[in-house]
Amino acid sequence: MRSKDFFQIIKKIGNSTSLRPIKFKNILIGRAMCGIVGYIGAKSAAGLIVNGLKRLEYRGYDSAGVVTVEDDGLYVEKCEGKVAELDRRVKYGELRATLGVGHTRWATHGAPTDANAHPHTDNSGAIAIVHNGIIENHAAIKSKLSEKGYIFRSETDSEVLAVLIGCHYERLRNLEEAARAALSEIEGTFGLAMVSSHDRDILIVARRGSPIVIGMGEGEYIAASDASAIIQHTRQVIYLEDNEMAVIRRGGCLTKTIQNVATKGKIHELDYDVESIEKGGFAHFMLKEIYEQPTSFRDAMRGRLMVEDGNVKLGGLRLVEDKIRNAKRLILLGCGTAWHAGLAGEYMLERLAKIPVEVEYASEFRYRNPIISADDVVIAISQSGETADTLAALREAKLKGATILGVVNVVGSTIARSTDAGVYIHAGPEIGVASTKAFTSQLAALALLALYLGRMHSLSQLEGSMIAEALRTIPEKIQFILDHAESVRSIAQEYAKADNFFFLGRGANFPVALEGALKLKEISYINAQGYPAAEMKHGPIALIDDKTPALFIVPKDELYEKTLSNIEEVRARGGRIIAIAGEGDTHIQKLAESVIYIPNTLPILQPILATIPLQLLAYYIAVERGTNVDMPRNLAKSVTVE
Ligand code: G6P
């Protein structure tokens, strides 16, 4: 069943503790952004694990590895590079094991080398682990173990954990107890999966700060750091809580705390299917996700928008309605694209709800000791719901007494579970590292929130109804832009060789200019800058020359004439102008070298439509330049490092 909002999730689990909002003191922040897959069952493990890693590769792709528990001991294969390289190296023909674990890594500690890739084994070579997170006291443990004669082959903190488990095993002769002893000794965070040739019927997983999901199939279990690796096998999953572990045998799965107190792992049903994490005929996930936007935008509004009443129903906010109604200020937090959504949300919220809004980089927020009171409502915006900076900022806001909300995509993610209430954006899985549909769905959720708050305050039914009606028609307008993508593609071909690019907009279109520049930077590696158009003359215009395209977002709104003046200023310095303009604006053709037309809508919603050609432009330019669109260099989808 598709969960409509945060609180339905809580209802669904009845009296279980597993998905209640959890207190911040229990939340730790993982520090490595990697993917984990573990398998125990009747099938051949290696292929299944490597396929799972392919699904998780968007979480990190600088090295990968797999270990299987064969009749004659552990088979370990690991290498620098992508999962495809690992796939080439694995000797599938020789492998029989039905138990194993694998890992795909985004390096934080130690360079992405073969030695640093996971799995890591203990000194006996009989115990292997894959690990997400960071062992804070790894140096102290390493020196203690070194003194006892243990050796280390990598620069990673994860290997220290593997060796420590091995050391405890020598004494305890029991894998579960050895894992428990080691995990109790370490400080820091982990998502852990472990196998051993000592026992071919046990897979141990554990979590503190880094997500672990266990898929329950027919006589088989697939554990992973993210449900994308599980969905093709089963929809029934258990989410491990922080400080929980699971001892998984072919005959059953037991969850318990790391201190060995049994817990009730509640089974949840995943609410998406395998098609949604496949490319479905598109050349890239990013393009597929761009094209999904008419649907994803509609899904964000489904069951929430009441056009006639000019109002919005947000079930996930029911329990905090009074807090929101009386909020003196809203603070929006996010990173990257989510921060841009926050900036765009500020315009909608201030315009419709007339509540002061501040938008903060989550990564900066807590370090300036922000002044927050119980009258503030702090809203974290996050696609993954796992971003470390956003979680840390939320924790700070909670500590200072604010009501904390989430605008989150991934159901059951840490941010979703840590907030007092929230609005799921229901965009479905987003695999492309450059965020597209999640951004427009975040804008949809923020527009709904603005309308909801507006109607609580001064917005009339008539005004509300007009905005709701305009929102209702956004998906078909997005579809119209997508149907004309060919024109964006030819513009992209023309400008693909540029070394520098400006994205300029005013008012509510400024955040979208920032987002357009970010998309281009991320996937084409072109130096792109977003600016408020009127700021150009205060400095950046010095960079304009006849090789530098300047893309202006210039819909017919109250700032139209002023933006035209800004265009003239750039034109006068020889800049090449691309315009994103409202349908029917013929005047703009006299000023711009290239024009992309978008359908007209209310000015506060225009940024949503302006986003689509910017995504397409970045995509087609990247394709033209031959970059890896879905896995751009140096990036990861979900950044769980601070
Ligand atoms: C990473 C991603 C960005 C994303 C940001 C915030 O940097 O590469 O695309 O916008 O994290 O992620 P979140 O999951 O919190 O929205």
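Listing for the model above:
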read-out	value
Criterion: under 30 Å from Asn51 (Cα atoms), under 30 Å from the mean Cα position of the chain (by Cα) and among the charged types (D, E, K, R) - qualifying residue of Glu159, Glu187	Glu159
Sole residue being open to solvent by less than 30 Å² (accessible area, probe 1.4 Å) and basic (Lys, Arg), chosen from Lys288, Lys264, Lys313, Lys279	Lys288
Filter result (hydrophobic (A, V, I, L, M, F, W, C) and out of contact with any strand residue (DSSP E or B) (no Cβ under 7 Å at 6 or more places or on another chain)) within region 270-329	Val274, Ile277, Phe282, Ala283, Phe285, Met286, Leu287, Ile290, Phe297, Ala300, Met301, Val307
Residue among Thr104, Thr113 that is crowded, with 21+ Cβ neighbours inside 10 Å and polar (S, T, N, Q)	Thr104
In region 120-176, residue most open to solvent (accessible area, probe 1.4 Å) [restricted to those that are without any contact (Cβ under 8 Å) to a residue 60 or more places away in the chain and of a type in the set (Val, Ile, Thr)]	Ile151
Matching residues in region 210-237 - criterion: being open to solvent by 10 Å² or more (accessible area, probe 1.4 Å) and in a strand (DSSP E or B)	Met216, Tyr221, Gln236
Condition met for Val359 (in contact with a helix residue (DSSP H, G or I) (Cβ under 8 Å, 6 or more places away or on another chain), without any contact (Cβ under 8 Å) to a residue 40 or more places away in the chain and closer than 23 Å to Cys34 by Cβ)	no
Residue list for region 272-312, filter: free of Cβ contacts under 8 Å to residues at least 60 places away in the same chain and assigned to a loop (DSSP other than H, G, I, E, B)	Asp273, Glu278, Lys279, Gly280, Gly281, Phe282
Ala206 within 22 Å of Val411 (Cβ to Cβ), assigned to a strand (DSSP E or B) and at pLDDT 95 or above	no
Residue match in region 399-411 (condition: in contact (Cβ under 8 Å) with a residue 60 or more places away in the chain, surrounded by fewer than 19 Cβ atoms within 10 Å (Cβ to Cβ), out of contact with any strand residue (DSSP E or B) (no Cβ under 9 Å at 6 or more places or on another chain) and not charged (D, E, K, R))	yes
Residue in region 590-609 that is open to solvent by less than 40 Å² (accessible area, probe 1.4 Å) and under 17 Å from Gly530 (Cα atoms) present	yes
Considering residues of region 85-101 that are within 22 Å of Ile202 (Cβ to Cβ) and open to solvent by 20 Å² or more (accessible area, probe 1.4 Å) only, the residue nearest to the chain's Cα centre (by Cα)	Thr98
Hits in region 35-84 (condition: open to solvent by 10 Å² or more (accessible area, probe 1.4 Å), part of a strand (DSSP E or B) and either of a type in the set (Lys, Arg) or in contact with a Cys (Cβ under 9 Å, 6 or more places away or on another chain) (or both))	Lys78
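The values are calculated or read from the model by the stated rules, or taken from the named source; none is laboratory data. All values reported here derive from a predicted model rather than from experimental measurement. Neighbour counts are summed over all protein chains in view; Cβ atoms, including those assigned to glycine, are modelled from backbone coordinates with ideal geometry. Each accessible area value is taken on the protein alone, full model and side chains, heavy atoms only, with ligands, DNA and RNA left out. Shrake-Rupley method; radii C 1.70, N 1.55, O 1.52, S 1.80 Å.
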